[in-house]
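Colleague: One structure coming up, written as structure tokens, with questions to follow.
Laboratory data are not the source of any read-out in this text; all were calculated from the coordinates shown. Everything numeric here is computed off the predicted structure, so don't read it as measured data. Note: ideal-geometry Cβ built from the backbone for every residue, glycine included; neighbour counts use all protein chains shown.
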Amino acid sequence: MAEVVIVGDAAEAGALVAETLADLIAERPDAVLGLATGSTPLTTYRALAETVASRGLDVSRVRGFALDEYVGLPPGHSESYRSVITREVVEPLGLRPDLVHVPNGDPATIVTAGDDYEAEIRRAGGIDVQILGIGRTGHIGFNEPGSSFGSLTRVKTLTEATRRDNARFFDSIDDVPTHCLTQGLGTILRARHLVLLAFSAAKAEAVTRAVEGPLTASVPGSAVQLHPRVSVIVDEDAAARL
Ligand code: GLP
């Protein structure tokens, strides 16, 4: 059963999750963080950067794994998740860039990229805390509806709805990639602690279906119900239908 915490706003959620992550880093300086992109975890990353600085935590050995990446964006594209993770996490926290991994969305190596990423996660000893947002289609990572609960990192086709939602980060929807590499639901379920964040009324239905609805591949987020340690941190609007 997930622990559900309803907070006032995204800033409060960020402060709460940052405290948990900072405690983990203090206890385990080589902690492995599972990093989500999207707008939802940004308050967490900002609060964590402040907490790391104010507590003087040593983050030189902290490791990270991003959940997903677009396929085929040119290297250095500002909206590739490699760039986003560098900008929002690695630089503000002062992490070592070579210890923070993002799936490789280069089409030339795409056939082996999923297995390579799984091997890297295994070598790191697994992910301690996986931060998750949720898409309006109920996706976590980029596991769109229909994703198998046992799936591992692999290429997926993005739904039209997700491409539309993410078009705000690009000049037009035509610039949003059609494919991605994403940790699978099986990969996500192997993390030792899942922290699912959601804010605003737009997420209320996805949150309810993920946390309380039937376990179904039509709502990939419902996979979190299979995990023994899940914290769901939501604002009142996202919690409205729970
Ligand atoms: C993207 C990401 C997900 C994220 C979701 C929600 O598609 N791949 O990891 O959870 O969108 O995005 P946002 O947090 O911006 O609402």
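Colleague: If you place +1 on the Cβ of every Lys and Arg, -1 on the Cβ of every Asp and Glu, and leave all else neutral, what size is the dipole of segment 3-235 about its Cα centre, to the nearest 20 Debye?
Modeller: 380 debye
Colleague: Taking H placed 1.01 Å from N in the peptide plane, check which residues at least 5 places from His101 or on another chain put their amide H under 5 Å from its amide H.
Modeller: Gly64, Phe65, Ala66
Colleague: To check you understand DSSP bridge types, tell me what percent of the beta bridges within the chain (both residues inside) are antiparallel, rounded to 5.
Modeller: 25 percent
Colleague: Give a quick list of trypsin sites (Lys or Arg not before Pro) in segment 40-98 that DSSP marks as loop, anything other than H, G, I, E or B, with at most 14 other Cβ atoms within 10 Å.
Modeller: When the trypsin sites (Lys or Arg not before Pro) of segment 40-98 are filtered for loop state and at most 14 Cβ neighbours within 10 Å, Arg61 remain.
Colleague: Residue separation times 0.36 nm, minus the C-alpha to C-alpha distance between Ala2 and Leu215: what's the value?
Modeller: In short, 75.3 nm is gained.
Colleague: Per 0.36 nm of contour for each residue apart, how much would the distance between Ser172 and Arg87 grow if the chain were fully extended, relative to their Cα-Cα spacing?
Modeller: Taking 0.36 nm per residue and subtracting the Cα distance, the gain is 28.4 nm.
Colleague: Less than 12 Å Cβ to Cβ from Glu12, Lys/Arg counted +1 and Asp/Glu -1: what total charge do the surrounding residues give?
Modeller: Result for the neighbourhood of Glu12: -4.
Colleague: At 222 nm, what value in deg cm²/dmol follows for the chain if DSSP H runs of at least 4 each add -39500 (n - 2.57) and the sum is divided by all its residues, to the nearest 500?
Modeller: -9000 deg cm²/dmol
Colleague: Another question, if that's okay. Which FRET efficiency, nearest 0.05, do Thr157 and Ser54 yield, Cβ-Cβ r, R0 45 Å?
Modeller: Rounded to the nearest 0.05, the efficiency is 0.55.
Colleague: Would you mind counting up the charge near Gly141? Only other residues with Cβ under 11 Å from its Cβ, with Lys and Arg at +1 and Asp and Glu at -1.
Modeller: Value of the local net charge: -1.
Colleague: When the dipole is taken about the Cα centre of segment 67-172, and only Lys, Arg (+1) and Asp, Glu (-1) are charged at their Cβ, what size is it in debye, to the nearest 20?
Modeller: Its charge dipole is roughly 180 debye.
Colleague: Starting from the Cα of Arg136, step 7 Å along the direction of its Cβ; do the same at Ala201; then give the gap between the two resulting points in nm.
Modeller: 1.3 nm
Colleague: For the pair Ala11 and Ala26, how long in nm is the line joining their label points, each one 7 Å along Cα→Cβ?
Modeller: 2.3 nm
Colleague: What is the distance in Å between the Cα centroid of segment 91-167 and that of segment 211-237?
Modeller: Here the answer is 18 Å between Cα centres.
Colleague: Which chymotrypsin sites (Phe, Trp or Tyr not before Pro) from segment 34-79 combine a DSSP loop assignment with at most 14 other Cβ atoms within 10 Å?
Modeller: Taking segment 34-79 and a limit of 14 other Cβ atoms within 10 Å, no loop chymotrypsin sites (Phe, Trp or Tyr not before Pro) are found.
Colleague: Also: With a ≥ b ≥ c taken as the square roots of the eigenvalues of the C-alpha gyration tensor of segment 101-242, please select rounded if a/c is under 1.5 and otherwise prolate if a/b is larger than b/c or oblate if it is not?
Modeller: oblate
Colleague: Still on this structure, please answer the following. Can you give me the pair-distance distribution of the chain, C-alpha pairs, 5 Å bins, whole percents?
Modeller: Each 5 Å bin holds this share of Cα pairs: 1, 7, 15, 20, 21, 18, 12, 5, 1, 0.
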